[in-house]
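Heads up: the structure comes next, in structure tokens.
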Amino acid sequence: MADDAAPPGAVPTDGQPHTRALRASPPGTGRTPLDRRRVLAAAVEFIDEHGLEALTMRRMGAHLGVEGMALYRHVAGREDLLDGVVELVVDELYGDPEVYLAPEHGWQDYLQRLAHGVRRIALDHPALFPLIATRPPAAPWVRPPLRSLRWLESFLEALTGHGFSDEAAVAAYRAYTSFLLGHLLLEVSQRGVPITALDDPEGAPDAGERSLAEYPLVRRLAPLLSEDESAAEFEESLENLLERLQRVLRESRRPGSTP
């Protein structure tokens, strides 16, 4: 499951915890000692290039030019490695200059920037995004893809600080995360990334072509159905969501809250 949308090779200089600044040294150089952060960054590289199903501790060791057992000094095993990978990739939001941790220009601007930041992560790491979406969160009320408690706190502060009641802020969090998950999982699946172990994106086109003879309207509209309108659909859906949340805010505004 090769990834056609590998992350750019440019290295940011802002010092933020951004995986693109943590490229692993070439295998076998032995110049940089291993630590947990380097192992996790290398795992992100590996999954971007080879897909999640190919990831094993032995292959990760080979990718880093060491024995697989050497990795156990830094990660407890594959499950710990996957947890760390999810955390590291979500942390890319902190290094994204377009995403703000606080609503500097209002709550709508905050949510738009955050949504586009999450989408950039999904498109930079399409093979990884299903893991971000499905990995068990730290608490049952923390919803992916905003899996970080820090981002959850930031989100709730942004909305309650702009007049949302507690109940409305929580409802907005649920609607917002559902929107991101639904749209972005669909978008990465259209790039050939299997969302579950049962998916077989490589075999799907052939099966579809064989059955189209039974569906003449689908066959006629296939060129239109195949057009990639993901970016436009994302923008339109996000705007619709923000308008819905604006109505929620009007209905739930508390006395004395910030307009």
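The values are calculated or read from the model by the stated rules, or taken from the named source; none is laboratory data. What you see is a predicted model; the values in this text were computed from it and never measured. Glycine also receives a Cβ, built like all others from the backbone with ideal geometry; neighbour counts cover every protein chain displayed.
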Among residues of segment 102-123, those that are in contact (Cβ under 8 Å) with a residue 24 or more places away in the chain and within 17 Å of the chain's Cα centre (by Cα), counted: 11
Meets criteria (within 22 Å of Phe129 (Cα to Cα), touching a His at 6+ places or on another chain (Cβ under 7 Å), at pLDDT below 95 and not small (Gly, Ala, Ser)) for Glu92: yes
Residue under evaluation Phe164, criteria (1) within 21 Å of Glu98 (Cβ to Cβ); (2) buried (at least 17 other Cβ atoms within 10 Å of the Cβ), criterion not met: (1)
Qualifying position, being surrounded by fewer than 16 Cβ atoms within 10 Å (Cβ to Cβ) and touching a helix residue (DSSP H, G or I) at 6+ places or on another chain (Cβ under 9 Å), among Glu98, Glu92, Glu153, Glu87: Glu98
Of all residues making up segment 122-143, the number that are of a type in the set (Ser, Thr, Tyr) and surrounded by 16 or more Cβ atoms within 10 Å (Cβ to Cβ): 0
Hits in segment 85-100 - residues which are touching a Phe, Trp or Tyr at 6+ places or on another chain (Cβ under 8 Å) and more than 24 Å from Arg36 (Cβ to Cβ): Tyr100
Search result, residues across segment 64-76 that are surrounded by fewer than 18 Cβ atoms within 10 Å (Cβ to Cβ) and assigned to a helix (DSSP H, G or I): Gly68, Met69, Ala70, Tyr72, Arg73
Those residues of segment 95-108 which are assigned to a helix (DSSP H, G or I) and within 28 Å of Gln190 (Cβ to Cβ), in sequence order: Gly95, Gln108
